[in-house]
1. Do you know which residues across segment 176-188 are surrounded by fewer than 18 Cβ atoms within 10 Å (Cβ to Cβ) and either touching a strand residue (DSSP E or B) at 6+ places or on another chain (Cβ under 9 Å) or assigned to a helix (DSSP H, G or I) (or both)?
2. Write out, first by first residue and then by second, each pair whose Cβ atoms fall under 9 Å of each other, whose residues are 6+ apart or on separate chains, and whose first residue, in segment 18-44, is at positive phi and at pLDDT below 85 while the second is in a helix (DSSP H, G or I) and surrounded by 23 or more Cβ atoms within 10 Å (Cβ to Cβ).
3. For residue 161, work out the one condition from (1) assigned to a helix (DSSP H, G or I); (2) more than 27 Å from residue 182 (Cα to Cα); (3) touching a residue at least 40 places away in the same chain (Cβ under 8 Å); (4) more than 19 Å from the chain's Cα centre (by Cα) it doesn't fulfil.
4. Residue check: is residue 76 within 17 Å of residue 140 (Cβ to Cβ) and assigned to a helix (DSSP H, G or I)?
5. Is one or more of the residues making up segment 63-84 under 18 Å from residue 178 (Cα atoms) and loosely packed, with under 14 Cβ neighbours inside 10 Å?
6. Tell me which residues, restricted to segment 88-117, are outside any helix (DSSP H, G or I), farther than 13 Å from residue 137 by Cβ and more than 15 Å from the chain's Cα centre (by Cα).
């Protein structure tokens, strides 16, 4: 009961953090899950929670989803999943930690460096392959998807809605990829996860309210440093795990 209560609280707080700063909450949630479960199970459970949070966001803005881009990105995610399945990919905590620890590099790169446009078919498929593959391999893709929307002609509502929908797809495929590990959970553990899922939506809504009070400048500064600090922690953890064997 105590673990269940803590889990629900963590889901709410990390979803609220994601509602404010984007990927930060997902990073913290995955770290907490890695303490409880093996890497494959943690990533699958993370997918259920994140799919719920992104699903609520996609539903609320469903009229703005650009389905053509979602379809193209989905084909890329499926291709990435097929390749990882073919090589029999199976993550461990050290690998996941290193991959996530390197992600914050992207938030420090100037946006002018990126020449991607999600409106272009080849770029959309490429985004699905890269971000979808990383979502399956490490549990999340962080700011990677953002670089494909920097130069798109979509307005902010279309960007938010389309990104939320492709995240739903990516997490759903991730759950299927690790379905064996997910099914190994007990009925009681799944009960706690299902109870916690609605709190992901509540946390997201709470985070959105906080986000509305932040200025653009404060948002960018806090996002960079929070994500960087979490990423550094992950990277150090991964290195320590590899050294220890």
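The values are calculated or read from the model by the stated rules, or taken from the named source; none is laboratory data. Just so it is clear, the structure is predicted and the values come from calculations on it, not from any experiment. Don't worry about glycine lacking a Cβ; one is built from the backbone with ideal geometry, like all the others, and counts go over all protein chains shown.
1. The first filter runs over segment 176-188 and keeps only residues surrounded by fewer than 18 Cβ atoms within 10 Å (Cβ to Cβ), leaving 176, 179-180, 183-188.
If the condition is that a residue be surrounded by fewer than 18 Cβ atoms within 10 Å (Cβ to Cβ) and either touching a strand residue (DSSP E or B) at 6+ places or on another chain (Cβ under 9 Å) or assigned to a helix (DSSP H, G or I) (or both), then 176, 179, 180, 183, 187, 188 are the ones that fit.
2. 22/142
3. For residue 161, the failing item is (4).
4. On the way: within 17 Å of residue 140 (Cβ to Cβ): yes; assigned to a helix (DSSP H, G or I): yes.
Criteria met by residue 76.
5. For segment 63-84, residues under 18 Å from residue 178 (Cα atoms) and loosely packed, with under 14 Cβ neighbours inside 10 Å: present.
6. If we filter segment 88-117 for residues that are outside any helix (DSSP H, G or I), which is where we start, we get 88-92, 103-104, 109-110, 114-117.
Remaining after also requiring farther than 13 Å from residue 137 by Cβ: 104, 109-110, 114-117.
109, 110, 114, 115, 116, 117 - these are the residues of segment 88-117 that are outside any helix (DSSP H, G or I), farther than 13 Å from residue 137 by Cβ and more than 15 Å from the chain's Cα centre (by Cα).
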